[in-house]
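Scroll down for the structure; my scribbles are underneath it.
Just so it is clear, none of the values below were taken in a lab; they were calculated from the coordinates. Computed from a predicted model, the values in this text were never measured in an experiment. Reconstructed Cβ throughout: ideal geometry from the backbone, glycine too, with neighbour counts over all protein chains shown.
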Amino acid sequence: MLDFLKNMLQLILAPERGWEDVAAEDTAPDVLIRRRLWPFAALAAISVYMQLFYHPDLSWVDLTMHAVVFFVSIFVTLHLAIMIIKTYGGKYIMGGTPNPKKTSTMTAYILGLLCLIELFCNLLPIHLALYYLLPLALVLILWKADKYMSVKENKDFIFMLFGACTVILPAVAIQELFYLIF
């Protein structure tokens, strides 16, 4: 778990170097997802209960719903993003079939960073507008994954948009959709 957090910190501080570290680490994607992403996503989801210390009038039911919706949004987005990138990413952006290992790893790290944002915001006593702006910073981290993902020359901007629409946007949209409905 510490290497996962270390790599995420490196991706935040120096994205290009961070992706080089991720490539050098060479962890199997199923291990990365099962042993690092899911426990971290569960921790981020459970951290919503920290709000009870600041706002004791909040309902346990609402907080539980928030935690479940967050975890489900990460789960659905992971599988949806991997499928879409494997299906369409290679044809239009990467000049061939994308590496399934790198696709899964990149998606896991970006979703791990979304979990880090959720954890950070849940530990604060107030709800900041920063919560809605930090996912935009992930777009820049995703942009620097172009070399890691072997994106064709002059397709890095399209890769950034494609990645943002397949990895970041679905997670945020699923959460907001559930919050609007309930």
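What list do you get for Lys144, Lys6 if you sort them by fewest beta carbons within 10 Å?
By the 10 Å Cβ count, ascending: Lys6, Lys144.
If you wrap a convex hull around the Cα atoms of region 22-70, how much volume per residue is inside, in Å³?
82
Choose one answer from Pro100, Pro125, Pro170: the residue with the largest mean-square fluctuation in a GNM of the chain with alpha-carbon springs under 10 Å.
Greatest mean-square fluctuation among the candidates belongs to Pro125.
Can you give me the C-alpha center-to-center distance between region 60-91 and region 118-158, rounded to a whole angstrom?
16
Quick one: Cys165, Cys115, fewest Cβ neighbours within 10 Å first, how do they rank?
Ascending Cβ contact count within 10 Å gives the list Cys165, Cys115.
For the chain, report the % of Cα-Cα distances exceeding 25 Å.
Tail fraction, whole percent: 32.
Provide the net charge surrounding His79, with neighbours chosen by a C-beta distance below 15 Å and charges set as Lys +1, Arg +1, Asp -1, Glu -1.
After counting each charged neighbour, the total is +1.
Using the Kirkwood formula on the Cα atoms of region 111-169, what hydrodynamic radius do you get, in angstrom to one decimal?
12.4
How much length is gained if the chain between Val72 and Ala42 is pulled fully straight, taking 0.36 nm per residue apart and subtracting their Cα-Cα distance, in nm to one decimal?
9.8 nm
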